[in-house]
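Written below as structure tokens is the structure these notes are about.
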Amino acid sequence: MSIGNKMFKGAIWSTVERLSVQLVSFALTIVLARLLTPNEYGTVGLLIVFISFSQVFIDSGFSKALIQKQNRTNEDISTVFYFNLLVALICYLLLWVCSPYISNFYNIPKLDNLLKVLSISLFFNALFAIPNTLLSIEMNFKSITKVNFTSTVISGVIAIYLAYKDFGEWALVYQTLIKSMLMALFFWFATKWKPILIFSKESFKSLFGFGSKLLVNSIMNNLVNNFASLFIAKIINAQQLGFYTRGTQNADTAFSTINSIIDNVLLPGLAPLQHQIEQLIDGTKKIIKTAALLVIPIFFGLTIISKPLVLLLLTEKWAPAIPIMQLICLSRLITIISGININLLYVLGRSDLALKQQYFKIAIRIVLLFVALKYGIVWIAAAELFSTIIHFFINTYYPGKMMKYGAKDQIKDIFPILISGLVMAIPGLLIVYFTTFSEIIKIICTITACLITYYFMIRILKIEEYKMLINRISSLIKKQ
């Protein structure tokens, strides 16, 4: 199977996996949001910041290092496995010790026990990291789909039951913990790999050379991504953090789905072309234009329907989350296109350049967030959007220098698609803000009008990627 077809087939299964998991997860969170208060959501949202930051250390960039390395051995894989477990233990102990201080800092007594229990999930995350990576290397997204979907459904149903029984924040804590446990169990059944009793210093050094840059990159990125959440809870209150978290989660349902698909397929798919620059450039152009063809209507559409969607699904009590969702949707659209450039540097083995760029991006985000913080959560979301626009030009700098395919060329390639998206938005905005339909009718009419307009625009502008995408899907269906 050619690299292009293999990547496309992997992308299809990755899409199935992400869509199935995210749609179910979205439905579950809607029910939970109705049962829980914004304050309870904000409290657990704060806890997730510390868990996600610890998770960065557990992986330490080794998963991508294993994917990028073409001559990986079982010694390499086992070494990473034991390292993950050791780091998980260290992170758990640190969170256990720090939990009472974190609770006192935010003046939320219940944070102490909640964090201690939630931190147990780190062990299970470390256990399934390697099996998940190995399946990704094989592009076996079918197995990954089954594991994620089953774990999400079971843990979500349990969380809904607990929320209905007035467990409050504990419903969300147990949801995360149970999902991690199930994923660890199912991933081990899904892969035949077993660790060998060896920790190779040579393997560690060779992988850490690549992974260490990713580790520092991820640490800084995670800190800045969660910077707003940490200070919203302290400077404003947990309720406002709940609105901000809910607004970003609505946008991130689509973002994490699409970004995971690209991230899962791009590195293992393009890694074999790392020494064939012309083919790599050609593949990158097709990926960026195809990604834009899909994500622009999705995120423009979500931005337009966010008001009726939130009011319909979450009720009026979550209305402050609407402008947050709108701004973050636009931000995530740019992040997806921009992030493809970072993966290119990983493909070329230049994680050092990705790290170098990160310093500039973090400085920009911190300055903008500090300026916006005193004005409230809407301005914080606006600062996020503005920073991602600047990040696009930073991320495209090295691809432009090394591959002669920078910001100017990328914008030129996606410009017709962007115009199609902007024209598409016009009938949608008119329906949402200038009609008196019910919320459900507004959503249906808006989606229909936007899709029809977008379809005619890409046909009028003769966007080639549309035909290519349809042909690939048709070819794949015929082979099944």
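The values are calculated or read from the model by the stated rules, or taken from the named source; none is laboratory data. Being a predicted model, the structure only gives us computed values, none of them experimental. Glycine gets a Cβ as well: all are built from the backbone with ideal geometry, and neighbour counts include every protein chain shown.
A quick yes/no check of all residues on (1) in contact with a Ser or Thr (Cβ under 9 Å, 6 or more places away or on another chain); (2) surrounded by fewer than 22 Cβ atoms within 10 Å (Cβ to Cβ); (3) modelled with pLDDT of 85 or more:
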site	(1), (2), (3)
Asn74	no, yes, no
Val80	yes, no, no
Leu86	no, yes, yes
Leu89	no, yes, yes
Val117	no, yes, yes
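Within the option set Ile154, Ile160, being in the same structural domain as Leu36 (by TED's automatic domain parsing) and within 17 Å of Tyr41 (Cα to Cα) holds for one residue only, Ile160.
The residue of segment 361-411 that is surrounded by the most Cβ atoms within 10 Å (Cβ to Cβ), among those that are at pLDDT below 85 and touching a Pro at 6+ places or on another chain (Cβ under 8 Å), is Tyr405. Can you name the residue in segment 21-67 that is on the phi < 0 side of the Ramachandran plot and not in a helix (DSSP H, G or I) and is also surrounded by the most Cβ atoms within 10 Å (Cβ to Cβ) among such residues? Applying the filter and picking the extreme gives Leu36.
Looking across segment 430-462, the residues that are under 19 Å from Cys329 (Cβ atoms) and buried (at least 17 other Cβ atoms within 10 Å of the Cβ) come down to Ile431, Val432, Lys442, Ile443, Thr446, Ala449, Cys450, Thr453, Tyr454. So for segment 112-120 (the condition being of a type outside the set (S, T, N, Q) and over 20 Å from Ile58 (Cα atoms)), does at least one residue qualify? Looking through segment 112-120, at least one residue is of a type outside the set (S, T, N, Q) and over 20 Å from Ile58 (Cα atoms).
Consider segment 106-148. How many of its residues are of a type in the set (Lys, Arg), farther than 25 Å from Arg72 by Cα and in a helix (DSSP H, G or I)?
Start the filter on segment 106-148 by keeping residues that are of a type in the set (Lys, Arg), which leaves 110, 116, 142, 146.
Restricting the remaining residues to those that are farther than 25 Å from Arg72 by Cα gives 110, 116, 146.
Restricting the remaining residues to those that are in a helix (DSSP H, G or I) gives 116, 146.
Total satisfying the criteria: 2.
Restricting attention to segment 276-309 and to residues that are within 30 Å of Leu32 (Cβ to Cβ) and either at pLDDT below 90 or in contact with a Pro (Cβ under 8 Å, 6 or more places away or on another chain) (or both), the residue that is surrounded by the most Cβ atoms within 10 Å (Cβ to Cβ) turns out to be Val295. If you go through segment 70-79 one residue at a time, do you hit one that is under 20 Å from Phe50 (Cβ atoms) and part of a helix (DSSP H, G or I)? There is no residue in segment 70-79 that is under 20 Å from Phe50 (Cβ atoms) and part of a helix (DSSP H, G or I). Selection over segment 385-418 of residues that are in a helix (DSSP H, G or I) and more than 20 Å from Ser331 (Cα to Cα) gives a count of 7. Restricting attention to segment 122-155 and to residues that are buried (at least 20 other Cβ atoms within 10 Å of the Cβ) and at pLDDT 90 or above, the residue that is farthest from Met183 (Cα to Cα) turns out to be Leu122.
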